[in-house]
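The block underneath contains the structure these notes are about, expressed in structure tokens.
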Amino acid sequence: MDKIIIKNVDRVYRVKRGGNRTKEFTAIKGVNLNVKKGEFLTIVGPSGCGKSTLLDMLAGLAPVKSGEIFIDGKLMVGPDLDRGIILQGYALFPWRSVRQNVELGLEIKCVPKKERAAISDKYINLVGLQGFADRFPYELSGGMKQRVAIARALAYDPEVLLMDEPFAAVDAQTRETLQDELLLIWEKTGKTIVFVTHSIDEAVFLSDRVAVMTINPGRIKEVVSIPLPRPRHGIRTSAEFNRIRHQVWKLLQNGDTVNEKSYAGCQDIAEVIFPSAVL
């Protein structure tokens with residue numbers, strides 16, 4: 001059963017090119033992708049291909065002006081509590097403790113204080129932060145901060161988790177630990193996860209399927225099934241893991257080399273985030 005259906009989605013930016021001149025830049029074009037209920041699907045692609053743009057559209061943070069996105073058969077029209085988003089930068093409130101950060105979504109939903117405490121305890125324990133509920137973000141390591149962000153996203157019980165490079169800012173050892181813990185959480189909760197990463201190893205290790213995107217404009221080039229057994233402890237050294245990893249690597253390389261034209265496109269993307277951009 002499909003949880004998410006993305007149909008013919010485009011994302012076009014209009015950017016200033018000096019004076020009153022503007023130019024259209026197509027970030028993603030004709031994206032079609034289905035995500036099954038309870039699936040762990042990862043999106044990989046070259047820098048600037050529109051992975052994060054697509055995730056923002058799924059979250060309702062960027063408008064869908066061309067194409068359609070359906071969740072549980074209903075047209076998605078904006079942000080909602082059925083989706084939780086976890087970013088690379090943690091986005092924790094420094095004046096709130098771990099518990100208070102985790103309870104944020106519950107407060108927005110007007111969950112009673114006693115019930116909030118029980119739920120936050122459950123998810124703080126689930127991400128391995130027992131004993132840290134009253135600590136503040138400045139007292140935590142990068143990996144611990146990301147665990148708080150995951151606990152906060154899980155606490156208000158969204159059906160879909162959208163994760164944009166959530167482990168990119170931590171060291172390699174912590175990253176692998178967080179990957180293992182994320183899989184345990186996913187298996188316990190049964191959430192549907194859409195995960196964006198630049199790491200082929202991470203994508204293959206975590207996923208049921210990997211969607212490979214092309215660059216400028218971003219399209220879904222191919223969706224690769226990952227038939228590796230679970231749990232996946234020690235799977236990184238297997239011949240099958242390396243075969244699939246090489247398959248994804250080849251898809252990223254063939255015909256997607258960043259040339260002068262696509263580099264100019266990346267410059268256009270950069271302009272979008274500055275005040276000169278006209279959206």
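Can you confirm whether Leu92 is assigned to a loop (DSSP other than H, G, I, E, B), in contact with a helix residue (DSSP H, G or I) (Cβ under 6 Å, 6 or more places away or on another chain), crowded, with 21+ Cβ neighbours inside 10 Å and touching a residue at least 12 places away in the same chain (Cβ under 8 Å)? In short, yes.
Listed here are the residues, each with its yes/no results for (1) of a type in the set (Ser, Thr, Tyr); (2) out of contact with any strand residue (DSSP E or B) (no Cβ under 6 Å at 6 or more places or on another chain); (3) at pLDDT below 90.
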position	(1), (2), (3)
Leu55	no, no, no
Lys65	no, yes, yes
Gly73	no, yes, no
Arg83	no, no, no
Leu92	no, yes, no
Val98	no, yes, no
Asn101	no, yes, no
Val111	no, yes, no
Ala118	no, yes, no
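Residues are listed down the side, and each one gets a yes or a no for (1) in contact with an Asp or Glu (Cβ under 7 Å, 6 or more places away or on another chain); (2) within 30 Å of Pro229 (Cβ to Cβ):
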{"residue": "Ile4", "(1), (2)": "no, yes"}
{"residue": "Val9", "(1), (2)": "no, no"}
{"residue": "Gly30", "(1), (2)": "yes, no"}
{"residue": "Phe40", "(1), (2)": "yes, yes"}
{"residue": "Lys51", "(1), (2)": "no, yes"}
{"residue": "Leu55", "(1), (2)": "yes, yes"}
{"residue": "Leu58", "(1), (2)": "no, yes"}
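In segment 163-175, the residue that is nearest to Gly38 (Cα to Cα) out of those that are surrounded by fewer than 23 Cβ atoms within 10 Å (Cβ to Cβ) and at pLDDT 90 or above is Asp164.
Candidates in segment 69-122 are the residues that are under 27 Å from Ala168 (Cα atoms) and of a type in the set (D, E, K, R); of these, the one that is nearest to the chain's Cα centre (by Cα) is Arg83. Only one of the listed residues (Gly105, Gly60, Gly131, Gly78) is touching a Gly at 6+ places or on another chain (Cβ under 9 Å) and exposed (fewer than 12 other Cβ atoms within 10 Å of the Cβ). That residue is Gly78.
For segment 230-250, taking the residues that are in contact (Cβ under 8 Å) with a residue 40 or more places away in the chain and assigned to a helix (DSSP H, G or I), the one that is surrounded by the fewest Cβ atoms within 10 Å (Cβ to Cβ) is identified as Trp249. What number of residues in segment 200-224 are under 18 Å from Arg236 (Cβ atoms) and without any contact (Cβ under 8 Å) to a residue 40 or more places away in the chain? Matching residues across segment 200-224 total 2. Take the conditions (1) within 15 Å of the chain's Cα centre (by Cα); (2) among the hydrophobic types (A, V, I, L, M, F, W, C); (3) in the same structural domain as Leu58 (by TED's automatic domain parsing); Leu178 misses just one of them, which is (3). Candidates are the residues of segment 19-35 that are in contact (Cβ under 8 Å) with a residue 60 or more places away in the chain and within 16 Å of the chain's Cα centre (by Cα); the one that is farthest from Lys191 (Cα to Cα) is Leu33.
The values are calculated or read from the model by the stated rules, or taken from the named source; none is laboratory data. Since the model is a prediction, treat every value here as computed from it, not as a measurement. Quick reminder, even Gly has a Cβ in these numbers, built from the backbone with ideal geometry, and neighbours come from all protein chains shown.
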